[in-house]
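Inspection log for the structure reproduced underneath, given as structure tokens.
Laboratory data are not the source of any read-out in this text; all were calculated from the coordinates shown. From a predicted model like this one, the values you see are computed outputs, not experimental measurements. Cβ placement follows ideal geometry from the backbone for every residue including glycine, while neighbour counts extend to all protein chains displayed.
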Amino acid sequence: MNIAVIGTGYVGLVAGSCFAESGNDVWCVDNDAAKIENLKKGVIPIYEPGLPEIIERNVREERLKFTTDLDTAVKKSFVIFVAVGTPPQPNGAADLRFVFDVAASVGRAMDRYKVIVVKSTVPVGTSEQVRKILKENTSHPFDLLSNPEFLKQGAAVEDFMKPDRVIVGADDVRPGEILRDLYAPFVRTGSPVLVVDVRTAEMLKYAANAFLAARISFMNEIANLCEEVGANADMIRKGLASDSRIGPAFLFPGVGFGGSCFPKDIKALIDVGKQHQYDMKILEAVDAVNQCQPLRFVEKVRSHFKGGLRDKRVGVWGLAFKPRTNDMRDAPAIKIIESLIADGATVTAYDPEAMNEAKRIFGGRLQLAASNYGCVEGADALLIVTEWQAFRHPNFERMKTIMRDPVIFDGRNIFDPVQLRELGFTYHSVGRS
Ligand SMILES: NC(=O)c1ccc[n+]([C@@H]2O[C@H](COP(=O)([O-])OP(=O)(O)OC[C@H]3O[C@@H](n4cnc5c(N)ncnc54)[C@H](O)[C@@H]3O)[C@@H](O)[C@H]2O)c1
């Protein structure tokens, strides 16, 4: 199949590359000329395990091309995916400008029947607006589908290649079958392709993210109370996870969720509720708990340094919103570091992949170390903000010799409190008093 994927970001680049990997001819389109130039030279703009190899192979075998020329890509393609960003507006509603701009451009470029698929996460009813824009810009026939994406950054290739399920929103049987056919190589082990109406598909994506975000905020709230009452949130997590009705995923207490999806998607769903005079009470609470969680972590640091943070040197391990990505969009690390700097602390950070992002966000206000040990040299405290594997078994003896004070605030509960205290560290974590 000839495919165009418009928007070559975390979703579009993975989707386009994986469609090429299953034999299709794919044009990845972006209006960011520098990004496309780099991709043409083999420079991948994101860190995503397994992706460079797939891109390299499919470019070499001429199934995958990068271009800023949307017009040509649309003319050459039968199926066109829209995978541009839907960032939050100040009031929380999804900003659909990029989706609508692309819809108009696709309409203008069409020269015959096409299947157009909205992959971006969009509020219920958006695809109908896209259909209207397409009709205003073309007289050629088309079918419009919704195909929300569920990949997880850090495991995006694996998730795309072996999805738990594929959701196809189609108001007609035939175009739905085209997508079912396109996804057939990825669901050979029996994962369902669920064909639903377009509005249900749009809503389903938000429901999934809202539910996962709710589990995290729920667990954080339980952990916060554990600190007050002297219970152990880790054991509670294990006890909950072993209940087959609950299961283990998304129950780790920490410094709150971030990234480009959960925070914006719950706000967008709350906004959809408002537009329909429905108050999304649970999601308001999920958001409120999440806003407070990184600040609660900073409060622990403040109450340890009773004299304030001025003149204190703080090391931070982990900047990306989660491990195995370089993405810092809405990362808890940003809020935490901003608060520490505002309190007068000198902050030095290390992250295996997000250093360039951190440079872009903080400029000279944040010092960056070349390694996790360099980051804690002369530090009065270490804060663990992202649970990269490489942080889990450090050389504690070495840390004790290079830190000014062996104090650790573990925002991801990666260490054992008993062991750390035996080693001579002052150790604070989440929900384990
Ligand atoms: N990141 C994730 O893990 C994830 C997972 C599932 C769904 N989603 C959803 O997928 C969508 C895309 O997310 P992302 O993280 O890939 O975003 P992104 O910001 O990484 O990428 C979007 C890309 O679209 C490009 N773009 C914008 N306007 C364009 C135009 N007119 N023509 C061509 N290109 C244009 C931008 O330059 C950018 O490269 C969002 O709706 C998001 O909510 C994201």
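Neighbouring Cβ atoms within 10 Å as the yardstick, rank 140, 393, 304 fewest first.
Values: 140 12, 393 9, 304 16.
Neighbour counts put them in this order, fewest first: 393, 140, 304.
Extents of segment 328-372, largest first, come to 26, 22, 17 Å (Cα atoms, principal axes, whole angstrom). Extension gain for residue 155-residue 404 works out to 85.9 nm (0.36 nm per residue, less the C-alpha to C-alpha distance). Of 47, 350, 373, the sequence from fewest to most neighbouring Cβ atoms within 10 angstrom is 373, 47, 350.
Fewest neighbouring Cβ atoms within 10 Å first, the residues 22, 260 line up as 22, 260.
Once you keep just the Cα pairs under 8 angstrom separated by 6 or more residues, what percentage relative contact order results for the chain? Walk me through the numbers on the way to the answer.
Details: 848 pairs, mean separation 52.3, N = 433.
Across the chain, relative contact order equals 12 percent.
Based on every Cα atom in segment 130-259, Rg and the maximum pairwise Cα distance Dmax equal 19.7, 67 Å.
Separation of segment 193-208 and segment 16-94, taken as the distance between their Cα centroids, equals 24 angstrom. Per residue of the chain, the DSSP helices (runs of n ≥ 4 H) give a summed -39500 (n - 2.57) that works out to -14000 deg cm²/dmol at 222 nm.
Rounded to whole numbers, the Karplus 3J(HN,Hα) couplings from phi for segment 177-189 are 5, 4, 5, 4, 5, 4, 8, 3, x, 8, 10, 5, 7 Hz, using 6.51 cos²θ - 1.76 cosθ + 1.60 with θ = phi - 60°, and x at Gly and Pro.
Considering only C-alpha atoms, what is the centroid distance from segment 353-413 to segment 274-309, in Å? When both Cα centres are located, 24 Å separates them.
Phi angles of segment 360-369 translate, via the Karplus equation with coefficients 6.51, -1.76, 1.60 and θ = phi - 60°, into HN-Hα couplings of 5, 7, 9, x, x, 6, 10, 7, 10, 9 Hz per residue; Gly and Pro are given as x. Sequence-ordered 3J(HN,Hα) estimates for segment 84-98 from the Karplus curve with 6.51, -1.76 and 1.60 and θ = phi - 60° stand at 7, x, 10, x, x, 8, x, 8, x, 5, 5, 7, 9, 3, 5 Hz, glycine and proline given as x. Work through the residues other than residue 387 whose Cβ is under 11 Å from its Cβ and net out their charges, Lys, Arg +1 and Asp, Glu -1. Result for the local shell: +3. Within the listed set 69, 327, 243, the Gaussian network model of the chain (springs between alpha-carbon atoms below 10 Å) gives the highest mean-square fluctuation for 243. Taking the charge dipole of the chain about its Cα centre, with +1 at Lys and Arg Cβ atoms and -1 at Asp and Glu Cβ atoms, the residue from 117, 54, 384 reaching farthest to the positive side is 384. Excluding same-chain neighbours fewer than eight residues apart, the lysines reachable from residue 335 by a Cα-Cα span under 20 Å are 264, 267, 300, 312, 322, 359.
Quick one: net charge around residue 45, please, counting Lys, Arg +1 and Asp, Glu -1 for every other residue with C-beta under 13 Å from its C-beta.
Working: positive: 35, 40, 41, 360; negative: 30, 32, 37, 48, 327, 353, 357.
Charge balance near residue 45 sits at -3.
The charge dipole of the chain, taken about its Cα centre with unit charges on the Cβ atoms of Lys, Arg (+1), Asp and Glu (-1) only, comes to about 280 debye. The Cα atoms of the chain define a convex hull whose projected area, averaged across directions, is 22.0 nm².
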